[in-house]
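Derivation of every value follows stated rules applied to the coordinates shown; laboratory data play no part. Because the structure is predicted, anything quoted here is derived from the model rather than measured. Note that we place each Cβ from the backbone using ideal geometry, even for glycine, and neighbour counts take in every protein chain shown.
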Amino acid sequence: MPTERIIRMKQRLLSTRPSISAERMLLATRAYQKYAGEETQIFRAKVFAYVLDHMSVVIGGGELIVGNQNKRFRCASIFPEYTGQWLREQIDTLPTRPNDPLEVPAEERAAILKCLDWWKGRSLEEQAEQFLPEDVQQARAAGIISVGSRTLSTGHTTPDYGKLFQKGFYGLIEDCRRKISEVGGGTCEAQERVDFWSASILSCQAVIRFAGRYADLAERMAQAEPSETRRKELLQIAANCRRVPGLPPRS
């Protein structure tokens, strides 16, 4: 039987109408503008880090495992670097569409549309479109073929969680630094490897800071929490996030 905590969380999930948020879109756009011109792998890592450093962190009532993608519960993010111009046509019908309806807060609608102006011609979908030969475009329009994933990232990568649990992100950072120190020669291939490991370090450091933000929030919430039981839970969350993911878990 599910616990009362799980029942409450399920009820909250089912009773909350899904919505869409401009937060991640705005942060990513600022980062793309801020770090434009840097080496691609470093650039992507810095964008990732910027989003994690500035996005809202939230701990819901009764949660023990924390982590969110948005400032609101059950809220979808926008990834304009892949695609987004379709939103211009569909943004007003998202709340009423038959499948996966999404509320669009009035205060965010204008921000989304303004942001899309900057992204016009810059998304992966639009960039890839320029390289499709005319015969391929015609075949696609006729429904003969489909062109692969241009509007979203691939999700068939399986991280080595065993290695992560054994070393923690600090251990992975040290591995990357060691590999950088061992690279010899000044070839393009060698530089690509250095850039990858450098980007990995930036990404790992960003995730550690992200966990630290949850630890800070949990501690602040614990100070104002009247329930002794919940206060202990929040302090345990803070302790967990101070250790993991930087260091290996102890339990």
Violations at 27 Å Cα threshold for listed pairs LYS10/LYS120; LYS10/LYS46; LYS34/LYS114; LYS46/LYS114; LYS163/LYS232; LYS46/LYS71 -> LYS10/LYS120; LYS10/LYS46; LYS163/LYS232
Once both label points are put 7 Å beyond Cα along the C-beta direction, the GLU225-LEU152 separation in nm becomes 3.5 nm
Taking a crude spin-label model, label points 7 Å out from Cα along the C-beta direction, the ARG243 to THR16 distance in nm is 2.8 nm
Fewest-first ordering of LEU13, LEU94 by Cβ atoms within 10 Å yields LEU13, LEU94
The alpha-carbon center of the range 108-133 and that of the range 197-251 are separated, in whole Å, by 36 Å
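List the DSSP H helices in the chain whose Cα atoms stretch 18 Å or more along the helix axis and whose mean Kyte-Doolittle hydropathy is at least 0.0.
Numbers: long enough: 40-54 (21 Å, 0.35); 106-119 (21 Å, -0.05); 161-182 (25 Å, -0.66); 188-224 (55 Å, 0.02); 228-243 (23 Å, -1.15).
Taking the DSSP H segments of the chain (at least 18 Å long, mean hydropathy at least 0.0), we get 40-54, 188-224.
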Per residue, the convex hull enclosing the Cα atoms of the range 1-120 spans a volume in Å³ of 137 Å³
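In what order do HIS54, HIS156 fall by count of nearby beta-carbon atoms within 10 Å, going from fewest to most? Provide the component values of the computation, followed by the final result.
Working: HIS54 14, HIS156 4.
Lowest to highest Cβ neighbour count: HIS156, HIS54.
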Ranked from fewest to most other Cβ atoms within 10 Å of their own Cβ, ILE6, ILE20 fall in the order ILE6, ILE20
The range 50-88 and the range 140-159 have their Cα centres apart by a whole-number Å value of 23 Å
Candidates for mean projected area of the Cα convex hull in nm² are [x] 13.9; [y] 12.8; [z] 18.8, and the calculated one carries label [z]
